[in-house]
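Notes to accompany the following structure.
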Amino acid sequence: MALFEMFPNYIWNLSVAIAMESGGRIGEIVDMCQPIKDAAAGGGDAGTPAFMKQWAAMGDKLIELAADDEAKGRALSASDKLERASLYLFTAERMQGHGHPGRMETYARARETFDKSTALGKINRERVEVPLDTGTMPALYTRAAGPGPHPVVVYCNGLDSCKELLYWSRLPEALARRGVSTLCVDQPGSGEALRLQNLPVDPHSEHWASKAVDWLEAQPDVDSDRIGMTGISLGGHFAPRAVAYEPRFASGAVWGANHNWAEVQQKRLKREGENPVPHYWAHVMWAFGADDMDDFLAKAEGMNLNGHMDGVKVPFLVTHGAEDRQISVQYAHDCYDQLVNSPRRELKLFTAREGGVEHVGADNMSYGRDYIADWFAETLGGHTA
C-alpha cells in the first residue's frame with residue numbers, strides 16, 4: 001500500500017494523505033491541489049502560501065454551504081460540511097511557517113468551525129481544559145456509551161498535530177465502541193497550548209500527563225484504576241515516558257515509536273529521512289521555545305527514551321510502519337527491547353500485507369487505529385466484540 005502522491009515532495013503528500021484519512025473528500029482534495037501542483041515543485045517549504053489560499057478557500061466555501069443547510073434546519077448536513085471545512089483550515093494552517101501572515105486567523109476560524117460542527121451535529125466530544133502548573137491543557141473528551149465508570153485513554157499529539165486531528169484519526173470513536181473513553185490533549189508544544197498560550201514542549205511528559213490523570217480521577221464516569229496513555233508520531237516519545245514515570249497509568253501504547261528523537265535531529269541536519277512539516281527548523285524552535293538552533297538542540301537532548309523504559313511496569317504496545325520514511329523502524333525495536341519490566345509487551349510492525357506502512361499509517365490509518373483500540377479494550381477491560 002502506498003501513500004497517495006499528488007505532489008513531487010513528501011511533506012505536501014503527507015498533509016494530503018492525513019487530510020484524506022481524517023475525512024476529506026477526494027473530489028474536494030483534487031480541486032484544491034490541482035491548481036498548486038507547480039507550486040510544490042520547489043520543495044516542501046516553497047509555495048505553502050498558495051497551499052493555504054486554496055485549502056482555506058475550500059473551507060470558506062463549505063462554511064457557506066453549511067449556512068444554507070442550517071437555514072433550512074438541516075443541522076446534521078451543516079455539521080458534516082463544517083467538519084470538512086475545519087479539517088481543510090487546520091491543514092492549511094499546519095503547512096505555514098511560524099508567524100506567516102494569516103496563520104493565526106486561519107487557526108481561529110478552524111477552531112470556531114470545529115466547535116460549531118460539534119454543536120450542530122451533537123458529536124460525542126466535549127471541549128475541556130485540564131489545569132497545569134502554568135496555563136491549561138485544552139482537550140476533547142469522548143465518552144464511552146452506557147453507565148460508567150469507564151476506562152479511559154489519554155491520547156497526545158505529535159510534533160505538529162492538534163487534538164482535532166487526534167479526534168479525526170477515529171481512535172476515540174473506535175475506543176468508544178469498545179467501551180473506553182478518550183481524552184485527546186493539546187499538550188504543551190502543540191495545538192492550542194502552543195498557539196494560544198505559548199507553552200513549549202516539555203520532554204518530561206509525565207509533568208502534564210499526570211495532570212490529565214488528576215483531572216480524570218475527578219470525573220464521575222471514569223474508573224481511575226483503568227487509565228491508559230497513547231500518543232501518535234512524536235507522541236511515541238511522550239506516551240512511553242509518561243507511563244514510565246506516572247504509576248497511575250494501567251496500560252500504554254504508541255502509534256509510531258519515537259525512541260530517540262534527539263538523534264533524529266542530528267540525522268535531519270544531515271538531510272537523512274523526511275521532515276513531517278514545512279519550515280521544519282522554524283517550527284521546532286517555536287515548539288520548544290528556543291532562541292536559536294543551538295538552544296533547540298540543547299532542549300531536544302531530553303527527547304531520548306534510552307534508560308527510561310525499565311520504568312514501564314504495565315502492559316505496553318509498540319506499533320510502527322515498516323516503511324516509515326521519517327522515523328527508523330529500529331526505534332520500535334529499541335523501545336520494545338527495553339520494556340524489560342512490562343508484564344505484557346508487544347511489538348506490531350505494519351507491513352505491505354495489510355497496509356499502514358508509512359509514518360503513523362498515513363497510507364491507511366485503519367490498521368493502527370483498530371489494533372490500538374483492541375489493545376486498550378483488552379488491557380483496560382473494555383470489549384472487542
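The values are calculated or read from the model by the stated rules, or taken from the named source; none is laboratory data. Quick caveat: nothing in here was measured; it's all calculated off a predicted structure. Cβ coordinates were reconstructed from backbone atoms using ideal geometry, including for glycine residues, and neighbour counts include every protein chain displayed. Note: accessible area is taken over every heavy atom of the protein model, side chains too, but ligands, DNA and RNA are not part of it. Shrake-Rupley method; radii C 1.70, N 1.55, O 1.52, S 1.80 Å.
Filter the stretch 103-114 for residues that are over 18 Å from the mean Cα position of the chain (by Cα) and open to solvent by less than 70 Å² (accessible area, probe 1.4 Å) and give the result.
Answer for the stretch 103-114, where residues must be over 18 Å from the mean Cα position of the chain (by Cα) and open to solvent by less than 70 Å² (accessible area, probe 1.4 Å): 103, 106, 108, 113.
Please state which one of 293, 303 is touching a residue at least 12 places away in the same chain (Cβ under 8 Å) and open to solvent by less than 20 Å² (accessible area, probe 1.4 Å).
303
Please state which one of 171, 199 is touching a residue at least 24 places away in the same chain (Cβ under 8 Å) and under 19 Å from residue 380 (Cβ atoms).
171
Working carefully through the options 85, 41, 19, 66, find the one that is under 25 Å from residue 282 (Cα atoms), open to solvent by less than 10 Å² (accessible area, probe 1.4 Å) and of a type outside the set (D, E, K, R).
Only one candidate passes the filter, namely 19.
Can you name the number of the only condition in (1) out of contact with any strand residue (DSSP E or B) (no Cβ under 8 Å at 6 or more places or on another chain); (2) surrounded by 24 or more Cβ atoms within 10 Å (Cβ to Cβ); (3) among the hydroxyl-bearing types (Ser, Thr, Tyr) that residue 230 fails?
(1)
Looking only at the stretch 370-384, which residues are open to solvent by less than 40 Å² (accessible area, probe 1.4 Å) and closer than 15 Å to residue 166 by Cα?
372, 373
So that you can scan it fast, the table gives a plain yes or no per residue for (1) modelled with pLDDT under 95; (2) more than 22 Å from residue 226 (Cα to Cα):
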position	(1), (2)
114	no, yes
117	no, yes
121	no, yes
125	no, no
130	no, no
135	no, yes
141	no, no
146	yes, no
156	no, no
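Test residue 183 against the criterion of being of a type outside the set (Ser, Thr, Tyr), outside any strand (DSSP E or B) and either touching a residue at least 24 places away in the same chain (Cβ under 8 Å) or in contact with an Asp or Glu (Cβ under 8 Å, 6 or more places away or on another chain) (or both), and give yes or no.
In short, no.
Quick check on the stretch 339-361: of everything there that is in contact (Cβ under 8 Å) with a residue 40 or more places away in the chain and over 18 Å from residue 373 (Cβ atoms), which residue is surrounded by the fewest Cβ atoms within 10 Å (Cβ to Cβ)?
So, considering only residues that are in contact (Cβ under 8 Å) with a residue 40 or more places away in the chain and over 18 Å from residue 373 (Cβ atoms), the one surrounded by the fewest Cβ atoms within 10 Å (Cβ to Cβ) is 352.
Which one of these is closer than 21 Å to residue 323 by Cα and touching a residue at least 12 places away in the same chain (Cβ under 8 Å): 253, 282, 244?
253
Have a look at 322, 287 and point out the one that is of a type in the set (A, V, I, L, M) and free of Cβ contacts under 8 Å to residues at least 60 places away in the same chain.
Exactly one residue qualifies, and that residue is 322.
For every residue, the table says whether it meets (1) over 30 Å from residue 151 (Cβ atoms); (2) outside any helix (DSSP H, G or I).
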position: 243; (1), (2): no, no
position: 247; (1), (2): no, yes
position: 251; (1), (2): no, yes
position: 254; (1), (2): no, yes
position: 281; (1), (2): yes, no
position: 284; (1), (2): yes, no
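Can you list residue pairs whose Cβ atoms sit under 6 Å apart, with the first residue in the stretch 55-66 being closer than 14 Å to residue 90 by Cα and the second being among the aromatic types (Phe, Trp, Tyr)? Count only pairs 6 or more apart in sequence or on different chains.
55/88; 58/88; 59/88
Does residue 76 satisfy being more than 22 Å from residue 366 (Cβ to Cβ), open to solvent by 40 Å² or more (accessible area, probe 1.4 Å) and assigned to a helix (DSSP H, G or I)?
Against the criterion (more than 22 Å from residue 366 (Cβ to Cβ), open to solvent by 40 Å² or more (accessible area, probe 1.4 Å) and assigned to a helix (DSSP H, G or I)), residue 76 qualifies.
How many residues are assigned to a loop (DSSP other than H, G, I, E, B) and either under 11 Å from residue 319 (Cα atoms) or not β-branched (Val, Ile, Thr) (or both) when one looks only at the stretch 356-385?
Of the residues in the stretch 356-385, 11 are assigned to a loop (DSSP other than H, G, I, E, B) and either under 11 Å from residue 319 (Cα atoms) or not β-branched (Val, Ile, Thr) (or both).
List pairs: first in the stretch 10-31 and under 13 Å from residue 276 (Cβ atoms), second open to solvent by 10 Å² or more (accessible area, probe 1.4 Å) and of a type in the set (A, V, I, L, M), Cβ under 6 Å, 6+ apart or cross-chain?
Close Cβ pairs satisfying both conditions: 13/3; 17/3.
Of all residues in the stretch 308-337, which are among the aliphatic types (A, V, I, L, M), in contact with a Ser or Thr (Cβ under 8 Å, 6 or more places away or on another chain) and open to solvent by 30 Å² or more (accessible area, probe 1.4 Å)?
Residue satisfying the conditions is 322 alone.
State all residues of the stretch 190-224 that are over 14 Å from residue 156 (Cα atoms) and either at pLDDT below 95 or part of a loop (DSSP other than H, G, I, E, B) (or both); if no residue qualifies, say none.
Correct list: 196, 197, 198, 199, 200, 218, 219, 220, 221.
Which one of these does residue 2 not meet: (1) under 22 Å from the mean Cα position of the chain (by Cα); (2) in a helix (DSSP H, G or I); (3) surrounded by fewer than 16 Cβ atoms within 10 Å (Cβ to Cβ)?
(2)
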